Every structure is written in structure tokens, then in C-alpha cells.
1. Considering only segment A:29-36, I want to know if a residue exists there that is surrounded by fewer than 16 Cβ atoms within 10 Å (Cβ to Cβ), within 8 Å of chain B (Cβ to nearest Cβ) and farther than 26 Å from B:Leu27 by Cα.
2. Could you tell me whether segment B:72-94 includes any residue that is surrounded by 24 or more Cβ atoms within 10 Å (Cβ to Cβ), out of contact with any Cys (no Cβ under 8 Å at 6 or more places or on another chain), modelled with pLDDT of 95 or more and within 14 Å of another protein chain (Cβ to nearest Cβ)?
3. Which of the residues spanning segment B:216-254 are crowded, with 19+ Cβ neighbours inside 10 Å and free of Cβ contacts under 8 Å to residues at least 40 places away in the same chain?
4. If you go through segment B:44-62 one residue at a time, how many are touching a strand residue (DSSP E or B) at 6+ places or on another chain (Cβ under 6 Å) and without any contact (Cβ under 8 Å) to a residue 60 or more places away in the chain?
5. Return yes or no: is B:Gly40 small (Gly, Ala, Ser) and not in a loop (DSSP other than H, G, I, E, B)?
6. Applying the selection to segment B:298-317, what residues are under 21 Å from B:Gly369 (Cβ atoms), touching a residue at least 24 places away in the same chain (Cβ under 8 Å) and out of contact with any Phe, Trp or Tyr (no Cβ under 6 Å at 6 or more places or on another chain)?
7. Please tell me if B:Ala118 is surrounded by 24 or more Cβ atoms within 10 Å (Cβ to Cβ) and closer than 30 Å to B:Asp364 by Cβ.
8. Just one of (1) buried (at least 20 other Cβ atoms within 10 Å of the Cβ); (2) on the phi < 0 side of the Ramachandran plot trips up B:Gln289, so point out which.
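The values are calculated or read from the model by the stated rules, or taken from the named source; none is laboratory data. Fair warning: this is a prediction, and the values are worked out from it, not measured in the lab. Please note: Cβ atoms are built from the backbone with ideal geometry, for glycine as well, and neighbour counts cover all protein chains shown.
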Amino acid sequence: MNVIMILYYLITAFIVVMVGWNFIREKKSVNDMILYLLVLIPLVLRLLRVK
Amino acid sequence: MISREWTVKSALLAIAAVLMILGGVPLYKHRHSQVPIVAGPGVTKVIKLSQFGPGLKGSPADTDVFVLEGKEPGGKVLIMSNTHANEPAGLLATLIMVENAVVEKGTLYVIPEFNASAGRNTKPGDGYPLYFDIPTEWGAKRFRMGNRDASPLEQWPDPDVYIHYPDKQLFSFLDVRNTNRTWPGRADGPLMERVTFAAMEMMRRDKIDIAIDMHGAETMFPVTNCIVAPQKSAKIATLVSMNVKAMEGFDNHVEPSPGNFRGLSHREIGDFSETLPFLLEAPIPFLDQPTGPKTVKLLLDGKDPFLLSLAKKKKLFVPYDESGWPMDKRVGQHCSVTLEIIRQYSKKNPDTAIKVAGIPRYGDLVKTGVGHYFHDPAKAEIKSIYYE
């Protein structure tokens with residue numbers, strides 16, 4: 001795994017944390033909660049090196 | 001007391017987790033599943049491609065090279081398949097060779113999974129099946145269905161544009177993971193360039209005479225059902241084309257390798273080594289765009305009503321009728337054309353002739369089916385089993 005690839009994994013992890021934090025902070029809109037989770041799925045699958 | 005907010009969030013998280021598990025587990029299993037190969041009596045050693053390109057060592061792109069040496073010295077042939085892992089007729093043909101071929105004179109180098117990463121990649125967006133089964137006399141033998149390009153899990157990120165080395169030709173970003181655009185490669189380039197570089201080094205160091213790269217192409221694509229050859233291989237390719245038509249009854253025309261289209265095996269192997277390259281294209285209706293669902297049945301029998309309708313309007317580049325374009329026929333073409341290339345080369349170069357026995361020809365495969373030539377791993381000696 002080269003340096004740029006490791007950086008991309010770190011960027012992905014950062015975005016996962018940010019989107020996760022937004023999900024936790026969301027109080028009312030169920031639509032936004034669903035949206036955050038849908039965005040998270042492919043990013044988590046990439047972090048887990050599944051797809 | 002749990003608030004309504006957290007009740008909703010917990011329910012949504014549970015649904016997301018279920019979706020992730022349902023979607024992710026089959027992909028994880030596909031990526032980690034193994035196909036057993038029973039090395040036949042002709043295999044004298046199995047080496048790693050990284051032996052010729054240290055940059056590959058320990059990476060998921062490293063792959064097995066089955067070496068079949070004859071008792072007599074002679075010429076050397078390299079046969080590659082799964083350069084594009086969604087064109088599996090080549091893979092089946094090379095595995096038949098590994099399991100059955102016996103070399104009497106010269107040496108065969110067989111790389112069944114040239115792009116090992118692409119063989120563990122999928123194309124769920126196009127609804128590709130994850131596996132396909134080939135019926136044999138001892139049960140179904142299961143293979144992974146791969147993708148055209150290496151997995152981004154091995155090589156990421158993609159550039160905006162892939163700049164080919166050394167010609168600086170511009171390709172689609174995807175082609176940086178396509179091992180039929182990354183020839184001749186670099187020792188320290190992106191991972192797929194390191195794969196092609198190692199293969200080039202093998203050809204240069206071991207003085208390989210012939211390289212055969214097995215592919216499949218859409219019936220609506222003009223470069224299909226053919227042998228692609230540069231000028232230096234054209235004479236042999238023409239003789240092969242005429243002979244398979246006359247002796248075995250199938251068409252396989254010759255396409256010239258374009259001088260200005262870089263990165264392809266039939267171009268760069270010829271330009272960067274003494275080896276004579278040939279790229280074989282067998283039709284694969286599964287890859288055509290205007291077909292019905294991308295099912296295992298379509299992959300294996302090549303029958304599709306939409307293609308049939310297009311054939312009647314003369315929109316296809318191959319003959320096409322109700323019989324489709326079955327896998328047995330495609331694998332048979334690859335085997336016969338390979339044997340004929342070896343025969344024609346040996347006739348022209350008696351000092352470095354190659355003699356191979358045990359590989360079935362087109363007629364045999366159409367008659368008995370591909371599965372007839374695969375051996376049962378349960379009955380084979382453990383030391384002869386390799387996993388791809």
C-alpha cells in the first residue's frame with residue numbers, strides 16, 4: 001500500500017467521523033438521518049476493505 | 001427512558017447495518033474465495049510472477065506462473081488469461097492446459113490469473129453474477145466471475161487521466177487498473193504497471209519466443225473473433241487463421257495491431273522484447289450492452305433474443321443464430337488457435353520448435369464440453385493442488 005493510498009484511507013475515515021457526527025447531532029429530520037447513513041455505507045465498506 | 005429521537009436513530013442504524021451486512025458479506029466471500037487447480041503431469045514447477053518484478057512481492061497482484069518443461073529443449077511460449085477477468089473463456093482454456101498438457105519439447109509458461117486483483121473484483125452495478133459453475137463428471141466446478149479492471153482495494157486512488165508510460169498517451173482514468181493498457185509497465189509504477197513490467201522481464205530474461213494473451217470481446221465490437229497481431233507476428237497469425245478455418249471450420253480473422261494505440265499486450269510486447277505477441281479475441285455476448293439480464297446462463301450459452309434480433313439486422317460482427325455462442329465453442333477456439341500458433345511457429349523455426357500433447361482442440365471441446373477436462377480436486381494428490 002503506497003503513501004497516497006494510506007492518505008485516502010485517512011481522508012475516508014475523517015469523512016466517516018464527520019458524517020457520523022452529523023447523524024448524531026441531527027435531532028428532527030428523519031430524511032437527513034437516512035441520508036447520512038446511506039452516505040456512510042460505501043465509505044465504511046471501503047474502510048473495512050470489503051468493496 | 002429512551003427518547004423518540006434515539007429510538008428512530010437506533011432503528012435506522014440497525015437497518016443500515018443489516019443492509020451493509022447483506023451487501024458486504026457476499027462481496028467479502030467472493031474476494032476471499034479460492035478456486036482449486038489440479039496441476040497436471042506436465043507441470044514441472046510453479047513460480048511467482050514477482051520473481052521477475054520484486055515490486056509485486058507480497059501484494060495481492062502477485063500471481064502463479066505454471067511452468068511445463070519438456071524433456072527436450074526447444075522454444076518457449078507464454079500463455080496468459082484473465083488479463084480482463086470478466087472474459088473467462090481464456091481462464092478456462094489455460095486451466096485446461098495446466099491440468100492436461102504435457103510438453104515434449106520446449107517450455108510452456110501459463111499464467112491463468114494475469115490480473116489477480118481483477119479476478120477478485122466485481123461489477124455489481126451492472127448486475128454481474130459473482131460466480132459461475134461449469135458442469136463436470138464429478139460435480140459442478142465453481143469459478144469467480146471477475147471484472148475488467150483491478151480492484152480499487154489494491155490500487156487507489158485513480159488519477160483523473162491515466163498517462164501511459166513511456167508514450168504519454170492519455171487514457172481513461174479506469175485504464176490505470178487495466179492490465180491491457182499498462183504494458184510495458186514500470187518496476188516502480190502503479191501496481192498494474194508492476195504486473196506488466198514483471199511479465200515483460202520474464203519474457204526478456206527467459207527469452208520467451210511467443211506470448212499469447214487470451215481475451216473475449218462483444219459481438220457488436222469489430223475487433224472480435226480474431227487474432228490481433230503486430231507486423232512481426234502477422235505471417236504466423238495469417239497462416240493460423242487460414243488453417244483453423246480450413247481444418248476445424250471456424251472463423252478467426254487477423255486484425256493488425258495499431259501502431260499508435262499504446263499500452264496493449266499485442267503492441268508493447270512486440271516493441272519492447274524479441275517475443276512474438278498474439279492477442280486472441282473470442283466473442284462473448286454477455287459483455288454486449290443491449291442484452292437481457294447478465295445471468296450465468298447468458299455467460300455460458302451466449303444466447304440472447306436482443307442480439308438475435310440485431311443479428312438479423314446485420315448489426316453484429318460475428319455470425320449469430322439461435323444456438324448463441326456457447327462457452328465450449330469459445331474455449332475450443334482459444335485452445336485450437338493456441339495450438340496452431342505453436343505449430344506454425346515450430347514449422348518456421350525448427351531449431352526452437354515446441355511440441356505439446358494433451359490439449360484438446362475445438363472439435364473435442366464442442367463435443368465433450370469444457371468440464372470434461374477438469375480433474376476432481378478431492379481425488380487429486382494434495383501437493384498437486386494450487387488455489388487461485
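1. Yes, the conditions are met somewhere in segment A:29-36.
2. no
3. Hits for segment B:216-254 are B:Ser241, B:Val254.
4. Pass one, segment B:44-62, residues touching a strand residue (DSSP E or B) at 6+ places or on another chain (Cβ under 6 Å): B:44-47, B:49, B:62.
From what is left, the residues that are without any contact (Cβ under 8 Å) to a residue 60 or more places away in the chain are B:44-45, B:47, B:62.
Qualifying residue count, segment B:44-62: 4.
5. Working: small (Gly, Ala, Ser): yes; not in a loop (DSSP other than H, G, I, E, B): no.
No; evaluated as a whole, the condition is false for this residue.
6. Quick first cut of segment B:298-317, residues under 21 Å from B:Gly369 (Cβ atoms) only: B:298-304.
Now restrict to residues that are touching a residue at least 24 places away in the same chain (Cβ under 8 Å): B:299-302.
B:Leu300, B:Asp301, listed by residue number.
7. On the way: surrounded by 24 or more Cβ atoms within 10 Å (Cβ to Cβ): yes; closer than 30 Å to B:Asp364 by Cβ: yes.
Criteria met by B:Ala118.
8. Evaluating B:Gln289 over (1) buried (at least 20 other Cβ atoms within 10 Å of the Cβ); (2) on the phi < 0 side of the Ramachandran plot leaves (1) as the failure.
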